[in-house]
Amino acid sequence: MSHDAWTTLERLRERRPLVHNITNLVSMDVVANALLALGASPLMAHAEEEVADIAGLAHAFVANIGTLSPDWVAAMHVAASRMADQGRPWVLDPVGVGATPYRNAAAADLLRRRPTVVRANASEILALAGAAGTTRGVDSTHAADEAVEAAMAIARVHRCVVAVTGAVDRVTDGSRTLEIAGGHPLMGRVTALGCAASATIGAFLAVERDPVTAAAHALAVFGLAGEIAALPPAGPGTLRVRLMDALYGLDEATVRSRVRIS
Amino acid sequence: MSHDAWTTLERLRERRPLVHNITNLVSMDVVANALLALGASPLMAHAEEEVADIAGLAHAFVANIGTLSPDWVAAMHVAASRMADQGRPWVLDPVGVGATPYRNAAAADLLRRRPTVVRANASEILALAGAAGTTRGVDSTHAADEAVEAAMAIARVHRCVVAVTGAVDRVTDGSRTLEIAGGHPLMGRVTALGCAASATIGAFLAVERDPVTAAAHALAVFGLAGEIAALPPAGPGTLRVRLMDALYGLDEATVRSRVRIS
Amino acid sequence: MSHDAWTTLERLRERRPLVHNITNLVSMDVVANALLALGASPLMAHAEEEVADIAGLAHAFVANIGTLSPDWVAAMHVAASRMADQGRPWVLDPVGVGATPYRNAAAADLLRRRPTVVRANASEILALAGAAGTTRGVDSTHAADEAVEAAMAIARVHRCVVAVTGAVDRVTDGSRTLEIAGGHPLMGRVTALGCAASATIGAFLAVERDPVTAAAHALAVFGLAGEIAALPPAGPGTLRVRLMDALYGLDEATVRSRVRIS
């Protein structure tokens, strides 16, 4: 990569990109707060009457199917299509894909629109790739490394970048694969942090053109903030509060010394 | 009861039951976080296109009418019906019943589907039983003990278990009534903790077949976590954060020494 | 003003007014928690089947268009109309007006129903007045003082009170304009605090008939709580938690000595 995660974060804080989210109802609060804490401007809007206009203003778009319904999915297609027309990036978070045929079809249809980046956990990536038929709710039951092959296949077929998050995060464009260390297991006990990670990728894509670099930097920064938030251990309530403080407060020395991308 | 609340909580943490929620829009975040902190797997989904499939995966279902609309209520019926077919438990939280005729009809219709457990505050139970015609929003204006008769009547007529929460919580199947001490008045100043208590009952039902025992253990654990979270007093913001930490961190010594069910 | 902010807050805590909100999906949690912490009773309901009945019970209503859709906007009109018929107050928060033609039309239509108070940031007020054609998402990009002329024009034409929030808040009925100092810049890094301020105005309107006084007292109390929550600085996660504690814990000495309305 031509530069480091700190440079990208600094640019994000200067430009305050507008990130449009059509996200699930559980994640609304934490996604908006994570984006604001990072320095981005979140915007949530889903009505078909305005979604194309909103997409016209946005620097990045994030589609998250966690609590999907037909009208919201239709709005995601409109926004994604508008972003593509403008040459602007968008992220697909296929929450819970594998759980139901409806969810599988919705995720597959959105994938065919070629998101810039897909972010999911290992079992979702396996389900999305057809490598696994089922997913158990929204928690990952497969290790991230088992899903790397599936992620690379998705990336190649759909010409997008795929981020698989877990104990170690992986970002691949089908040939190049980066590994990002960081995060903390207790993050899995706070709802919608995966959704917030996807939104963070959206914000980074708005200020960094290379999607592999943007996704890797985003996950490195998000994971580092999570690590800081988890220690000393207190519990998932405290972790969530400190995560917002950490996303806001990350400084150059911390980011430069602790981000580990390989 | 054949065993204690600690045993049930331990089993929940081992099995991580999948709890499907169709809950109100205010409670989404706190319900999902409470379930994760406890050790359960929350899943929110309401689209008619997938709700039966989701119910097919779930170990328990929780229907909460706080911000009801016809399509969401229809989805609750589909999920409840599927749970009944599978012999799996579900919980009804009739938030704000008594406030409007629409809400009364929706609550009564769902009650006729025989939830495993109904959880509500005293004024909601009175409204649900027809013992009181009005409710003032979603806060309880009647003492829990006045509602016990109504709860017993509902339990007998609808062959379900009814939990009335308040300063002291009661759980009844129409003949047996347990009292659960615990909780803290400041919990009333945090939104949707009643909804989170209902979801907690759902998680406990997934690992304990006797619904009186499951509901009593759930309310005892939730109340104990609330008590721990409320002290030393700081305010409702801090209480909510510490509640998640306490649900996550409860240990055997604390649960065995402090749970009071009689 | 015939009395001070403390007196109004004390009255609110005694009467616990029922505040009906049709608000955006991002703000549900923080709005309900802020109202409960203050001492009011929040109620969220949007179904056309019950919205008029809910409005019949409410002491104040707050319409917030942040994540608007046609059915929710229709429900806002029903509730606003019912409040007007009953001579009860309501607040319009035109979140993101200026961003899209649909949002502009929805805000203008609601404004024609003569809300008791409109609360918005400077760029939203300018957009609402037609003084500016665009708004950049939901964050204010104009200083509050530039928008005072526009606020006065709206207040005169639509015979309502307009509150413009920013570094200094202004409340005007078109002739009289009050300035309220307070708050902290870090509040802009927590989502939906503007929405929570609008809901706070709703709660104050329920116990104070003069809308200029009610809005000024509400913003003074909310800003003071924000100031207390922001110091010593920790970050936006901690600020949000402490804000709820501060709204709950504000005492007479603090309010009397620190509220600055001129």
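Summary of values
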| quantity | calculated |
| --- | --- |
| Extreme residue, nearest to B:Val51 (Cα to Cα), among residues of segment A:103-130 that are open to solvent by less than 10 Å² (accessible area, probe 1.4 Å) and of a type in the set (Val, Ile, Thr) | A:Ile125 |
| Test: B:Leu57 is over 25 Å from C:Trp72 (Cβ atoms), within 12 Å of chain A (Cβ to nearest Cβ) and of a type in the set (A, V, I, L, M, F, W, C) | yes |
| Index of the failed condition, C:Ser262 passing every other in (1) at pLDDT 95 or above; (2) under 20 Å from the mean Cα position of the chain (by Cα) | (1) |
| All positions within segment C:204-245 that are within 13 Å of chain B (Cβ to nearest Cβ), in contact (Cβ under 8 Å) with a residue 60 or more places away in the chain and hydrophobic (A, V, I, L, M, F, W, C) | C:Ala206, C:Leu243, C:Met244 |
| Check on C:Ser140, assigned to a loop (DSSP other than H, G, I, E, B) and either modelled with pLDDT of 95 or more or under 21 Å from C:Glu208 (Cα atoms) (or both) | no |
| Long-range neighbours under 6 Å by Cβ, at least six apart or interchain, first residue touching a residue at least 60 places away in the same chain (Cβ under 8 Å) and within 14 Å of another protein chain (Cβ to nearest Cβ) within segment B:166-192, second open to solvent by less than 30 Å² (accessible area, probe 1.4 Å) and in a loop (DSSP other than H, G, I, E, B) | B:Thr191/B:Val26; B:Ala192/B:Val26; B:Ala192/B:Ser27 |
| Failed item in (1) at pLDDT below 95; (2) open to solvent by less than 20 Å² (accessible area, probe 1.4 Å); (3) among the hydroxyl-bearing types (Ser, Thr, Tyr), with C:Thr100 passing the rest | (1) |
| Failed condition for B:Leu92, given (1) open to solvent by 10 Å² or more (accessible area, probe 1.4 Å); (2) more than 14 Å from chain A (Cβ to nearest Cβ); (3) closer than 26 Å to B:Arg240 by Cβ | (1) |
| Condition broken by C:Thr116, with the remaining ones in (1) at pLDDT below 95; (2) under 19 Å from the mean Cα position of the chain (by Cα) satisfied | (1) |
| Residues of segment B:54-74 satisfying the condition of being open to solvent by 20 Å² or more (accessible area, probe 1.4 Å) and among the aromatic types (Phe, Trp, Tyr) | B:Trp72 |
| Evaluation of B:His77 against (1) open to solvent by 20 Å² or more (accessible area, probe 1.4 Å); (2) touching a helix residue (DSSP H, G or I) at 6+ places or on another chain (Cβ under 6 Å) (one fails), failing number | (2) |
| Check on B:Ala45, open to solvent by less than 20 Å² (accessible area, probe 1.4 Å), in contact (Cβ under 8 Å) with a residue 60 or more places away in the chain and at the interface with chain A (Cβ under 9 Å from one of its Cβ atoms) | no |
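Every residue, every condition in (1) out of contact with any helix residue (DSSP H, G or I) (no Cβ under 9 Å at 6 or more places or on another chain); (2) crowded, with 24+ Cβ neighbours inside 10 Å; (3) hydroxyl-bearing (Ser, Thr, Tyr), yes or no:
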residue: C:Ala5; (1), (2), (3): no, yes, no
residue: C:Glu10; (1), (2), (3): no, no, no
residue: C:Asn21; (1), (2), (3): no, yes, no
residue: C:Ser27; (1), (2), (3): no, yes, yes
residue: C:Ala40; (1), (2), (3): no, yes, no
residue: C:Glu49; (1), (2), (3): no, no, no
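The values are calculated or read from the model by the stated rules, or taken from the named source; none is laboratory data. The structure presented is a predicted model; accordingly, all values stated were derived computationally and were not measured. Counting neighbours? That spans all protein chains shown, and the Cβs are built from the backbone with ideal geometry, glycine included. Surface areas here come from the heavy atoms of the whole protein model, side chains and all, with no ligands, DNA or RNA. Shrake-Rupley method; radii C 1.70, N 1.55, O 1.52, S 1.80 Å.
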